[in-house]
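The structure appears below as structure tokens.
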Amino acid sequence: MSAADDTVEVPGNSVADLARQRFEAIKAGDVGTLPVLVGLALIVAFFYSKNSNFLTAGNFTNLITQMAAVTTIAIGVVFVLLLGEIDLSIGYVSGIAGVIVAQLQIPDGSWEVKGVLAIVIAIILTSVIGLLQGSFVAIIGVPSFVVTLAGLLFWQGVILQAIGDVGVITIEDSTINNTANYFFSDTAGLLIAAGAVALFALSTLSGVVSRRRHGISSDNLAIVAAKLVGFTVVAFGAVIWANRERGFPFAGVLVIVLLVFWTWVAERTTFGRHVYAVGGNAEAARRAGINVRNIRLKVFMISSGMAGLGGVIFAARLNSVDLGAGGGTVLLDAIAAAVIGGTSLFGGRGRVISALMGALIISTVANGIDLVGYSSSIKFMVTGAILLAAVTLDAVSRQRLVRAGR
Amino acid sequence: MTETLSPPPAAATSTPMLEARGITKSFGSVQALDDVDFEVSPGEVMALVGDNGAGKSTLIKCIAGIYPIDSGQVLFEGNPVSIQSPKDAARLGIEVVYQDLALCDNLDVVQNMYLGREVHDAIFRLKEPAMEARTVETLKGLSVTTIRSVRQSVASLSGGQRQSVAIGRAVMWNSRLVILDEPTAALGVAQTRQVLELVRRLAAQGLAVVLISHNLHDIFEAADRITVLRLGRNAAVFDRRATTQQEVVHAITAGVPTKVPGISGTGEVAE
């Protein structure tokens, strides 16, 4: 140990210091959201050069409603990945939720339940699916890959069983359909943006004040101010842009509320801390007195429940469910979104926001390819390549982190 | 009570923090501990040594509530206690720092220090600033000055720093007795010194410390007394100042497993 190690070195907090620390972290393999933002900028630039409609307000609102369901499901995936587990059943579990709301709202059906109540019932039932699958993982110790693979097959069968003879159920309930198809008026959109900015400012500043009071302030006020300004510009910019067309979609607001809520759970609550701990070192968590089984059960419930909510949004967007509900690329898009956004497959590293980041990339590529008129074969190949790049980046940054001892 | 017959040893004027009498524990047909006595006083570093299979780990796990004892009695500050689970042990103020540290690499120092005991409000919101301030205070109190930021991840720390965090976590909870299982096993020379100094500081703060180690050099540097187990029985208790490494090695490898009558800290080898 050199003499320098014996002094307490306070990390600087000037803008230059923070920039240098960030650069050091990137060099050491802690890349954060940087690759996603760069990738997104490249994708947007490419499609804009191919088709100038890509950046219109109409396509912007389209994109938001297209990606809402995948983002919602991917939020649940982030939690499962944080544990170092996997949930392959989310696709068809989301389909199950679509079937449930569709069945419940059938007018003059045997159990007509409408609107929000139907959605709540669907989320509760899919959470119970998560509890069931999670029990096999957490209590019996069956690998989650196999349990949820079995779930994938089983719930697909249940969907076929449930609506196989009719093939398709139309959703006429306007509350359910509005989860994907409602657009706020111009004024309402601006009020929501103002409210969001106010809340963001309040929480940021209260954090600064609290750290000050405990004498551990490391906040750079210039950066705090820049964050506030940036947030304000993005919030109002998005709403004003969307207002040039149909207005800001409800689905977009829903996704943002979900992101904020689950980020809060993951990073600010005891439960979230324990999820990271179990994902990082389950044995250490157990010895620290954390109920590991309980955490695993809850995380699988979150995963299924969020898949359920995502399934409702999917069904609402199509105004119907059919035999393909929850199939196709739903599962892989959701998992790919979480991973592309930067959540590690190895557990313990990642953030809820990566669900949005990854979904942005996947949905932007899909939207752009449709708009430019390439065939869907290209879509699959490009998405596959991006996923491979993201996982490779994860593996490489993990090695670098180990080598740099971070 | 046979204990009252022996004269009170000069070193231990107060009641021992922990006193285990006649602990017996077997796993099936294997007798892991046979009528073992053990004690440690406040402000004292008691080393626990013995060859592999001597019963060190089993004894510690009995004290920590991981294994239930078959027979025998445990007194904590003179009162008979029943330690059935790690929670019971924690409630008494007994903390164990395991060899493999049990830290989460992906979490930072504060998060590890508070792992499983996070401070939160009514809606489970973590009180980060309070936890961070207390962590800094605790590490400073232990004179752990080599950790640059308590917000860096534990994976970025050296072995000695990680051990310091693990020990800091153990003492933060008003603990009375800290058991360290091979705390220097994987450390270099300078880091070993750091950790041993930390061990001495714990005792200086009035905690009872049990130090398990294979390294006699470390033990002679940090311990006040040395309990030797052999084949699941007491072999000897030495006063560090009145013995030599040869004597201890002899007790570890060839000591006659004997019950030491009323462990007295005065250092006589069991006859």
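Things to note:
- Looking only at the stretch B:122-139, and only at residues there that are in a loop (DSSP other than H, G, I, E, B) and facing chain A (nearest Cβ under 10 Å), the one that is nearest to residue B:161 (Cα to Cα): B:127
- Selection of the stretch B:99-118 for residues being facing another protein chain (nearest Cβ under 7 Å) and at positive phi yields B:102, B:116.
- Where residue A:270 falls short, out of the listed (1) touching a residue at least 12 places away in the same chain (Cβ under 8 Å); (2) touching a strand residue (DSSP E or B) at 6+ places or on another chain (Cβ under 6 Å); (3) β-branched (Val, Ile, Thr): (1)
- Residue match in the stretch B:99-112 (condition: surrounded by 21 or more Cβ atoms within 10 Å (Cβ to Cβ), closer than 20 Å to residue B:206 by Cα and touching a Leu at 6+ places or on another chain (Cβ under 8 Å)): no
- Hits in the stretch A:101-123 - residues which are touching a residue at least 60 places away in the same chain (Cβ under 8 Å) and farther than 21 Å from residue A:182 by Cα: A:103, A:107
- Residues of the stretch B:66-98 that are buried (at least 21 other Cβ atoms within 10 Å of the Cβ) and at positive phi: none at all.
- Given (1) within 14 Å of chain A (Cβ to nearest Cβ); (2) among the hydroxyl-bearing types (Ser, Thr, Tyr); (3) buried (at least 19 other Cβ atoms within 10 Å of the Cβ), index of the condition residue B:184 fails: (1)
- The listed residue being surrounded by fewer than 20 Cβ atoms within 10 Å (Cβ to Cβ), touching a Pro at 6+ places or on another chain (Cβ under 6 Å) and not aromatic (Phe, Trp, Tyr), out of B:159, B:206: B:206
- Only a single item in (1) away from every other protein chain (no Cβ under 14 Å); (2) assigned to a helix (DSSP H, G or I) is not met by residue A:247, and it is number (2).
- Tallying residues that are of a type in the set (A, V, I, L, M, F, W, C), assigned to a loop (DSSP other than H, G, I, E, B) and within 14 Å of another protein chain (Cβ to nearest Cβ) within the stretch A:171-220 yields 1.
- Candidate set: the stretch B:140-156, residues that are more than 7 Å from every other protein chain (Cβ to nearest Cβ) and over 23 Å from the mean Cα position of the chain (by Cα); chosen: the one farthest from residue A:275 (Cα to Cα): B:147
- Residue check, residue A:317 at pLDDT 95 or above, away from chain B (no Cβ under 14 Å) and surrounded by fewer than 24 Cβ atoms within 10 Å (Cβ to Cβ): no
- Residues of the stretch A:283-314 satisfying the condition of being touching a residue at least 60 places away in the same chain (Cβ under 8 Å) and within 12 Å of chain B (Cβ to nearest Cβ): A:292, A:295
- Residue A:235 vs. criteria away from chain B (no Cβ under 14 Å), under 30 Å from residue A:65 (Cα atoms), part of a helix (DSSP H, G or I) and among the hydrophobic types (A, V, I, L, M, F, W, C): yes
The values are calculated or read from the model by the stated rules, or taken from the named source; none is laboratory data. Given the structure is predicted, the values throughout are model-derived calculations rather than measurements. Neighbour counts run over all protein chains shown; Cβ positions are idealised from the backbone, glycine included.
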